[in-house]
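The values are calculated or read from the model by the stated rules, or taken from the named source; none is laboratory data. What you are looking at is a predicted structure, and each value in this text was computed from that prediction instead of being measured. Ideal geometry is used to build each Cβ from the backbone, glycine not excepted, and the neighbour counts take in all protein chains shown.
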Amino acid sequence: MTYDAALGRVVLFGGYAGNWPNSLNDTWVWNGITWTEIQPATVPPNRYGVGMDYDPINKVVLMFGGYSSGPARGDTWLLALAP
């Protein structure tokens, strides 16, 4: 998860739900009061343990890697959300 400064919200992707290998590929934003699930046009495969950060120059959330029921992932995902 990371903070999107342009959006003014925390962004969460994926995670782990219950029993192995139930990793997720959903995207949520937190406005300080409630979580809201969003549906980006492009969604990477399910995973947990990702690295996420916000790129203030390009105003995108950057996600790299993570784990799922298969081998460790080595892909990168960019998510640009409009305020």
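Note on the stretch 10-30: residues that are over 12 Å from the mean Cα position of the chain (by Cα), in contact (Cβ under 8 Å) with a residue 40 or more places away in the chain and either in a strand (DSSP E or B) or buried (at least 18 other Cβ atoms within 10 Å of the Cβ) (or both) total 1.
Answer with yes or no whether residue 43 is part of a loop (DSSP other than H, G, I, E, B), touching a strand residue (DSSP E or B) at 6+ places or on another chain (Cβ under 9 Å) and aliphatic (A, V, I, L, M).
So residue 43 passes the test.
Of all residues in the stretch 44-83, which are polar (S, T, N, Q) and touching a residue at least 40 places away in the same chain (Cβ under 8 Å)? Can you show your working first?
Filtering the stretch 44-83 for residues polar (S, T, N, Q) gives 46, 58, 68-69, 76.
Scanning the stretch 44-83 gives 68, 69.
The test for being at pLDDT below 90, aliphatic (A, V, I, L, M) and either in contact with a Pro (Cβ under 8 Å, 6 or more places away or on another chain) or not in a strand (DSSP E or B) (or both) holds for residue 82. Within the stretch 53-62, being under 13 Å from residue 81 (Cβ atoms) and part of a strand (DSSP E or B) holds for 54, 55, 60, 61, 62.
Consider the stretch 46-74 and keep the residues that are of a type in the set (Gly, Ala, Ser) and at positive phi. The one that is surrounded by the most Cβ atoms within 10 Å (Cβ to Cβ) is 66.
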